[in-house]
Amino acid sequence: MSNEWDRLKNPPPPLFLGKPERDLVKQCNDELIERVIGQTIAYYAIDLERSNFHDLYGEAITKTFAPPVRIYALIDWEDDETTTGDGAIDRRQYITVHFHKRRLTDDQELFVREGDFVAYGENFFEIVKLSEPTEIFGRTEHHMEVSARCVKARDGTFNAE
């Protein structure tokens with residue numbers, strides 16, 4: 001015999017946080033990023049089919065890149081990092097690129113990976129770390145951004161031609 005206080009076998013579906021609400025968040029973010037913020041980068045993905053990867057190490061000395069894709073994103077400049085050693089000073093510049101995840105995956109069929117390059121202004125940056133920090137409505141299964149920490153590429157490391 002069951003009563004009104006029995007525990008449900010499955011939790012009820014969310015009342016106000018379904019697909020229509022997630023689609024509304026996507027549409028608002030698309031407009032905000034593209035029409036208000038308006039920062040663009042050129043994204044250079046490694047062409048996995050044409051790059052010659054080493055059989056044992058999985059590295060490619062010379063990488064081949066797919067044609068660049070223009071992406072609207074939010075870019076954060078970080079403070080330069082300066083290190084000294086053996087009398088030499090080394091300065092590294094970093095940016096964090098905040099991509100709108102659904103805009104990339106659903107609309108542009110693009111997946112951000114470590115090792116790819118981005119061009120911002122006249123500088124090229126290599127993606128060195130990825131994270132998905134922002135959830136939609138606190139739901140762990142729905143992330144709305146991909147954050148990529150990028151380090152400025154040294155001269156001669158990346159050739160856009």
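None of the figures in this text is laboratory data; all of them are computed from the coordinates on show. Everything numeric in this text was worked out from a predicted model, so none of it was measured. All Cβ positions, even for glycine, are placed from backbone atoms using ideal geometry, and neighbour counts span all protein chains on display.
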If each residue's Cβ is checked for other Cβ atoms within 10 Å, how do Ser147, Ser51 rank with the fewest at the top?
-> Ser51, Ser147
Folded to 0 to 90 degrees: helix 19-31 orientation relative to the chain principal axis, Cα | 30
When each of Lys63/Lys152; Lys101/Lys152; Lys26/Lys152; Lys19/Lys101 is checked by Cα-Cα distance, pairs over 27 Å | Lys26/Lys152
Could I have the simple spin-label model distance between Ala60 and Lys19, label points 7 Å from Cα toward Cβ, reported in nm to one decimal?
-> 3.6
Tell me, what is the FRET efficiency for Asn159 and Leu110 to the nearest 0.05, using R0 = 25 angstrom and their Cβ-Cβ distance as r?
-> 0.70
Based on alpha-carbon positions alone, could you give the equivalent ellipsoid semi-axes of the chain from the gyration tensor, as √(5λ), descending, whole Å?
-> 39, 19, 18
Return the distance in nm (one decimal) between the two label points of a simple spin-label model at Asp6 and Glu78, each offset 7 Å from Cα along Cα→Cβ.
-> 5.4
How much mean residue ellipticity at 222 nm does the chain get from its helices, if each DSSP H run of length 4 or more adds -39500 (n - 2.57) and you divide by all residues, to the nearest 500 deg cm²/dmol?
-> -2500 deg cm²/dmol
Once Lys and Arg get +1 and Asp and Glu get -1 on their Cβ, which of Phe125, Ile33, Thr157 lies farthest toward the positive end of the dipole of the chain?
-> Ile33
Note down the magnitude of the dipole of the chain about its Cα centre, charges +1 on Lys and Arg C-beta and -1 on Asp and Glu C-beta and zero elsewhere, to the nearest 20 debye.
-> 380
Least to most buried among Val128, Val97, Val36, Val146, by other C-beta atoms within 10 Å and fewest first, runs Val36, Val128, Val146, Val97
Given 0.36 nm per residue, what is the gain on full extension from Leu130 to Val69 after removing their alpha carbon distance, in nm?
-> 20.1 nm
